[in-house]
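Working notes for the structure below.
The values are calculated or read from the model by the stated rules, or taken from the named source; none is laboratory data. Computed from a predicted model, the values in this text were never measured in an experiment. Note that each Cβ is placed from the backbone with ideal geometry, even for glycine, and that neighbours are counted across all protein chains shown. Just so you know, the surface numbers come from the protein's heavy atoms only, side chains and all, with ligands and any DNA or RNA stripped out. Shrake-Rupley method; radii C 1.70, N 1.55, O 1.52, S 1.80 Å.
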Amino acid sequence: MAENKQTNSISFFNSRLTSIISIALVLFLLGLIFFIGLLGQKLSVYVRENISFSVVLKENSKDADIKKMQKQLDSRPYIKSTEYISKEQAAKELEEELGENPETFLGFNPLQASIEVKLNSEYANPDSLLIIEKQIKSYTDVSELLYRKDKMQLENYNLKRTGIILLTLAAVLMIISFVLISNTIRLLIYSKRFLIHTMQLVGATSGFIRRPFIRYNVASGIVAAVLAVGMLTGVLYYVQRDFPGFIDLLDVRSLLIVFGAVLALGICLSFVATCFAVNKYLRMDADKLYHV
């Protein structure tokens, strides 16, 4: 008798440990998808905010007027930053690219002074830029605007496409996760199906029967979520070690959001899966319990 109890205890412990590890691995994969999604969003903002265009200034523009215009541009809600580039600086940059100063063979500096403008991420798209272009061209000192419209369209298209792919992947993985967790919990409750039927026979309500199973599996879900958070932290540590500066893309708030989401999913998925599994045996006839 003692040996049977010990064997049952070991079997129970092994099944619970297997369940926790299985759920933890699923939550770990979900957490990775969340991190990839957040990184994609951060990189999207970074790429958009580094798309710049040049406001070419007229030859007779005065320094005071240029500074005034630059100050007004900086105050615009759609502009992240501006940088004034003089004719001499532009010639120096061109010399670094070409390896030769244009003044040496032309006899004069053909370049014009300009203001390099970077937009806030939400405005870095062709539609917004058309409106911004009209506003900037209204300044009397502006000669023209130079930017690669096709490049901007391509980058926006690639960013949207990447976002859709990540969202689809997250949705598919969420469904797979629920199925895996549901099957894991269903296997645990399967061994208790006769106990559920016995409790029904003695008059226990459905809520009373569900309650201990929910408590048990939600607790397992919390433990699995903590393990998943530990694994995610380990992955971040090793990635940061090999790629210094990587962690700077994710602020503390983003990390807390992902860890909180993993914990919430561990609780919610375990709760829902347990309700489905227990309800299945609550509705099942006694004769069918022997054939499932």
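Electrostatic bookkeeping for Gly40 treats Lys and Arg as +1 and Asp and Glu as -1; over the other residues with beta carbon under 13 Å from its beta carbon, the sum is +4. Note on exposure: Arg215, Arg253, Arg186 ranked by accessible area (1.4 Å probe, complete protein assembly) read Arg253, Arg215, Arg186, with the most exposed listed first. Normalised per residue, the accessible area of region 167-273 is 57 Å², obtained with a 1.4 Å probe and no contribution from ligands, DNA or RNA. In plain terms, the chain from Leu25 to Phe276 could stretch by 88.2 nm, reckoned as 0.36 nm per residue minus the Cα-Cα distance. A simple count of charges around Gly260, restricted to other residues whose Cβ falls under 15 Å of its Cβ and scoring Lys, Arg +1 and Asp, Glu -1, yields 0.
Of Lys62/Lys137; Lys58/Lys87; Lys71/Lys92; Lys92/Lys118; Lys87/Lys134, which pairs sit farther than 19 Å apart, going by alpha carbon to alpha carbon? Flagged as over cut-off: Lys71/Lys92; Lys92/Lys118; Lys87/Lys134.
A probe of 1.4 angstrom, applied to the heavy atoms of all protein chains, finds Phe34 with accessible area near 50 square angstrom. Taking θ as phi - 60° and the Karplus parameters 6.51, -1.76 and 1.60, the scalar couplings of region 116-125 work out to 7, 10, 10, 9, 5, 4, 5, 9, 7, 8 Hz in sequence order, x denoting glycine and proline. For Phe53, the residues whose amide H sits under 5 Å from its own are Val117, ignoring neighbours fewer than 5 places away on the same chain, with H placed 1.01 Å from N.
Taking θ as phi - 60° and the Karplus parameters 6.51, -1.76 and 1.60, the scalar couplings of region 153-170 work out to 5, 5, 5, 5, 5, 5, 5, 5, 4, 4, x, 5, 4, 5, 5, 5, 4, 5 Hz in sequence order, x denoting glycine and proline.
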